[in-house]
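Student: My structure is below; once you've seen it, I'll send some questions.
The values are calculated or read from the model by the stated rules, or taken from the named source; none is laboratory data. Owing to the predicted nature of the structure, the values given are computational and were not obtained by experimental measurement. Ideal geometry is used to build each Cβ from the backbone, glycine not excepted, and the neighbour counts take in all protein chains shown.
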Amino acid sequence: MIKRYLSLLIIVLISLHLSAQEWVVPAENGARLSPFAFSDSTRKAGAELYNTNCKSCHGDPGKNNVIKLVPPPPDPASAKMQSNPDGALHFKIAEGKTPMPSFKNILSSVNIWQIISYIRSFNDKYVQKTQTKPGGSGAAGENAKIKIAWLKETHQVQTFISATKEKVIQPVAGTEVKLFVKRYFGNLPIDEARNTDAEGKALFSFPKDLPGDSAGFVQLIVKLSDEAAFGEVKADTTLAIALPTYRPPLNEKRAMWNVVQKAPIWLLLAYTFSVLAAWGFIIYVFLQIRVIYRAGIRKDQ
Amino acid sequence: MSNNNKSTGHDHVSREQENGNSRRAFFRNLGLIGATTAAGGAAIYSGYQYEQSKPNHDFVKVLTSDNRLVEVPRDQIKNIKVDHNQLTKLGREGLKGHRFVMVIDLSKCRNARKCISACQSAHHLRPHEYHINTLIMQESQNTAPYYMPKPCQHCDNPPCVAVCPVDATFKRQDGIVLIDNERCIGCRFCIAACPYSARLFHWEEPVMAESDKGKEYNIELNVPQRKGTITKCLFSSDRLREGKLPYCVSACPNGVYYFGDENQDAVTNGTSKETFRLSELLKVNGGYQLMPELGTKPRVYYLPPKNRLFEFKDERGQEKETT
């Protein structure tokens, strides 16, 4: 009995210890602000995103119907959640910490800010501070564009980033670029994220063994990581640069488990032969009986 | 006799007179009726026209397939019947150009059971009817215990399909092994043949039999379930058709499941939605298959329970010790 109480006490202590662990947010992330002002439309978009991604654990804001976990996920309307600065919320949603999953590959930065705008709608005292200069450093420029080129000799993908700065289209240097290949359920990252050089160019080495379609076509997607500066900038193109791959349907071959038309030939032959043999024997017996019958008649005569 | 004749003659005359009167009356009445009918008809018709032309305020809320709640006028609703044979034919063919694979990372499983509940609610199963069994594993006395989710392995050489006498269970071109509950005769040969114990038999009436009554059978979802037939993991083929990850894969909170296409050499994690190269993931982590020595060629791979993210907590085991 004492043992049971003791183990219960230990479990309670452990859970207290777990919930007491602070979630440390790096200062520069905590100070980040939304690049746009929260409005009814961002709150509406945020509510939709919240319902599909967050509600299953965090429940309806203000209704305190969170899922039972240790430590419990806080209610978005609670003081615990609302005491976080905007940047800290953004960081926590993006990075996650067990058991909270990371959402940086599921939601874009803009989507996360929309969810924060929805969460903030449950706090009457909240006054939003927006980024004064959309563009972070201010030097990044506007209307960023991505060009994609294929370098056949070196088996590389070259991206060129340009943006309008001081009314002139100029290459963007030192910004992070990511290359992906479209797959059925998601985008496969190719090589590592690269920073553009002074000419706005970044090179990605493309794997030689990546399968494409039967003609080797793959869809490439290039994204800029700095969503705070440029917003969501994305370019995609389809190139025949992957390994041409054709794999036949898995039920094409003849096999024991396949449908009758695709049964192994030996099985079809053996079956047909044995059926013919069985019927042949029966017919033979009947013929013999007939011969005996005929012979009997002849003898009587 | 004469008396009789007379009387009949008189009758004849009087009847003629009567007939003449009544004919006139008849035509008079007919005119009256005709006029009233025409007037009434015109009134009804104009009323009908008015009903047709006036704006219809009777709206019905409808949830669209892309999850938007919209309102449509009630009289605009058309009931579409899903072409059952077409659905079954598509379900038998499978998705062209794909070979679906699943990778299960045992180092991340902590028996949260979210995959199981998502699966059961999608396929209308009871809480004790599993398409995915989460096994508590301990190889020997001194080795560490771990959890192992075990769905159908969707073998490339499926013993269950080979023994089916009625072609109810079959393999598709994308590698998925499905069951047609409308063909299944409940002989349970496939249960006996499966070395992974992936199949279960509906001994009792399925849990949602009442509410599923009259629903069109979906071969890619096995809904409505049928008493006296087999059911098992379907790799959520209805979701794959839409380009979505299976129910279990996207429900997992711990990143245990990866799902993807072997032809594209890519698998996507259901929790983080990160995509990896299948060949590299298996190579780096030492991926393996269940009982490959049987020659069943499973389509499910396992990553060993190395560097476990969660402590193994077996509530049942603890209870055993304390009592």
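Student: Kindly evaluate A:ASP300 against the criterion of being more than 11 Å from chain B (Cβ to nearest Cβ) and at pLDDT below 95.
Tutor: Criteria met by A:ASP300.
Student: Checking B:ARG113 against (1) among the basic types (Lys, Arg); (2) at pLDDT 85 or above; (3) farther than 30 Å from B:TRP203 by Cα, only one condition comes out false. Which one?
Tutor: Unmet condition: (3).
Student: So which of A:ALA215, A:ALA228, A:ALA263, A:ALA242 is within 14 Å of chain B (Cβ to nearest Cβ) and in contact (Cβ under 8 Å) with a residue 60 or more places away in the chain?
Tutor: Among A:ALA215, A:ALA228, A:ALA263, A:ALA242, only A:ALA242 is within 14 Å of chain B (Cβ to nearest Cβ) and in contact (Cβ under 8 Å) with a residue 60 or more places away in the chain.
Student: So B:PHE235 ticks every box in (1) at the interface with another protein chain (Cβ under 10 Å from one of its Cβ atoms); (2) in a loop (DSSP other than H, G, I, E, B); (3) within 22 Å of B:GLU129 (Cα to Cα) but one. Which box is left unticked?
Tutor: Just one mismatch for B:PHE235, condition (1).
Student: May I ask you to list the residues in segment B:274-285 that are at the interface with another protein chain (Cβ under 10 Å from one of its Cβ atoms) and among the charged types (D, E, K, R)?
Tutor: Correct list: B:GLU274, B:ARG277, B:GLU280.
Student: So which residues in segment B:140-159 are closer than 20 Å to B:GLN289 by Cβ and more than 8 Å from every other protein chain (Cβ to nearest Cβ), if there are any at all?
Tutor: B:THR143, B:TYR146, B:TYR147, B:MET148, B:PRO149, B:LYS150, B:PRO151, B:CYS152, B:GLN153, B:HIS154, B:CYS155
Student: Please verify whether A:GLY280 is touching a residue at least 12 places away in the same chain (Cβ under 8 Å) and surrounded by 10 or more Cβ atoms within 10 Å (Cβ to Cβ), treating the condition exactly as stated.
Tutor: The answer is no for A:GLY280.
Student: Being more than 8 Å from chain A (Cβ to nearest Cβ), among the small types (Gly, Ala, Ser) and buried (at least 23 other Cβ atoms within 10 Å of the Cβ) is the filter here; which residues of segment B:238-273 pass it?
Tutor: Passing the criteria: only B:GLY270.
Student: Here's a check for you: in segment B:181-211, which residue that is among the β-branched types (Val, Ile, Thr) and in contact with a Leu (Cβ under 9 Å, 6 or more places away or on another chain) is nearest to the other protein chains (Cβ to nearest Cβ)?
Tutor: Going through the qualifying residues, I end up with B:ILE191.
Student: Go over the candidates B:ASN85, B:ASN21 one by one and state the one that is more than 14 Å from chain A (Cβ to nearest Cβ) and either modelled with pLDDT of 80 or more or loosely packed, with under 10 Cβ neighbours inside 10 Å (or both). Show your work before the answer.
Tutor: Details: B:ASN21 fails: either modelled with pLDDT of 80 or more or loosely packed, with under 10 Cβ neighbours inside 10 Å (or both).
Just one listed residue meets the conditions, B:ASN85.
Student: State whether the residues of segment A:190-201 include one that is away from chain B (no Cβ under 14 Å), touching a Pro at 6+ places or on another chain (Cβ under 7 Å) and at pLDDT below 95.
Tutor: Looking for residues that are away from chain B (no Cβ under 14 Å), touching a Pro at 6+ places or on another chain (Cβ under 7 Å) and at pLDDT below 95, one finds at least one in segment A:190-201, hence yes.
Student: Listed residues B:ALA122, B:ALA168; which is in contact with a helix residue (DSSP H, G or I) (Cβ under 9 Å, 6 or more places away or on another chain), within 14 Å of chain A (Cβ to nearest Cβ) and of a type outside the set (S, T, N, Q)?
Tutor: Among B:ALA122, B:ALA168, only B:ALA168 is in contact with a helix residue (DSSP H, G or I) (Cβ under 9 Å, 6 or more places away or on another chain), within 14 Å of chain A (Cβ to nearest Cβ) and of a type outside the set (S, T, N, Q).
Student: Given the conditions (1) away from chain A (no Cβ under 11 Å); (2) surrounded by 21 or more Cβ atoms within 10 Å (Cβ to Cβ), report the number of the one that B:TYR288 does not fulfil.
Tutor: Among (1) away from chain A (no Cβ under 11 Å); (2) surrounded by 21 or more Cβ atoms within 10 Å (Cβ to Cβ), B:TYR288 violates only (2).
Student: Cβ-Cβ distance below 8 Å, separation of 6 or more or different chains: which pairs start in segment B:79-92 with a residue that is farther than 11 Å from B:GLU216 by Cβ and assigned by TED's automatic domain parsing to the domain that holds B:TYR217 and end on one that is among the hydrophobic types (A, V, I, L, M, F, W, C) and surrounded by 10 or more Cβ atoms within 10 Å (Cβ to Cβ)?
Tutor: B:GLY91/B:LEU178; B:GLY91/B:ILE219; B:ARG92/B:PHE170; B:ARG92/B:LEU178; B:ARG92/B:ILE219
Student: Any idea which of (1) under 18 Å from the mean Cα position of the chain (by Cα); (2) within 14 Å of chain A (Cβ to nearest Cβ); (3) surrounded by 20 or more Cβ atoms within 10 Å (Cβ to Cβ); (4) in a loop (DSSP other than H, G, I, E, B) is the one B:LEU178 doesn't satisfy?
Tutor: Only one criterion in (1) under 18 Å from the mean Cα position of the chain (by Cα); (2) within 14 Å of chain A (Cβ to nearest Cβ); (3) surrounded by 20 or more Cβ atoms within 10 Å (Cβ to Cβ); (4) in a loop (DSSP other than H, G, I, E, B) is unmet by B:LEU178, namely (4).
Student: So which of A:ASN187, A:ASN195 ends up being farther than 22 Å from A:GLU142 by Cβ and polar (S, T, N, Q)?
Tutor: A:ASN187
Student: Within segment A:58-66, is there a residue that is surrounded by fewer than 18 Cβ atoms within 10 Å (Cβ to Cβ) and touching a Phe, Trp or Tyr at 6+ places or on another chain (Cβ under 7 Å)?
Tutor: Yes, that holds for at least one residue.
Student: Also, quick follow-up: Could you tell me whether B:GLY214 is in contact with a Phe, Trp or Tyr (Cβ under 7 Å, 6 or more places away or on another chain) and either more than 14 Å from chain A (Cβ to nearest Cβ) or within 21 Å of B:ASP156 (Cα to Cα) (or both)? Steps first, please.
Tutor: Numbers: in contact with a Phe, Trp or Tyr (Cβ under 7 Å, 6 or more places away or on another chain): no; either more than 14 Å from chain A (Cβ to nearest Cβ) or within 21 Å of B:ASP156 (Cα to Cα) (or both): yes.
No; evaluated as a whole, the condition is false for this residue.
Student: B:GLU293 is checked against (1) among the charged types (D, E, K, R); (2) at pLDDT below 95; (3) in a helix (DSSP H, G or I) and fails just one. What number does that condition carry?
Tutor: Result: B:GLU293 fails condition (2) only.
Student: Let me ask something additional. Out of the residues in segment A:165-185 that are surrounded by 21 or more Cβ atoms within 10 Å (Cβ to Cβ) and touching a residue at least 24 places away in the same chain (Cβ under 8 Å), which is nearest to the chain's Cα centre (by Cα)?
Tutor: A:VAL181
Student: Evaluate segment A:193-215: report whether one residue or more is within 24 Å of A:ASN111 (Cβ to Cβ) and either surrounded by fewer than 16 Cβ atoms within 10 Å (Cβ to Cβ) or among the aliphatic types (A, V, I, L, M) (or both). Spell out how you get there, then give the answer.
Tutor: First pass over segment A:193-215, keeping only residues within 24 Å of A:ASN111 (Cβ to Cβ): A:193.
Pick out the ones that are also either surrounded by fewer than 16 Cβ atoms within 10 Å (Cβ to Cβ) or among the aliphatic types (A, V, I, L, M) (or both) and you get A:193.
Looking through segment A:193-215, at least one residue is within 24 Å of A:ASN111 (Cβ to Cβ) and either surrounded by fewer than 16 Cβ atoms within 10 Å (Cβ to Cβ) or among the aliphatic types (A, V, I, L, M) (or both).
Student: Taking B:LYS61 as meeting all but one of (1) part of a strand (DSSP E or B); (2) touching a residue at least 40 places away in the same chain (Cβ under 8 Å), write down the number of the exception.
Tutor: (2)
Student: May I ask you to list the residues in segment A:102-116 that are free of Cβ contacts under 8 Å to residues at least 24 places away in the same chain and surrounded by 22 or more Cβ atoms within 10 Å (Cβ to Cβ)?
Tutor: The one that is free of Cβ contacts under 8 Å to residues at least 24 places away in the same chain and surrounded by 22 or more Cβ atoms within 10 Å (Cβ to Cβ): A:ILE112.
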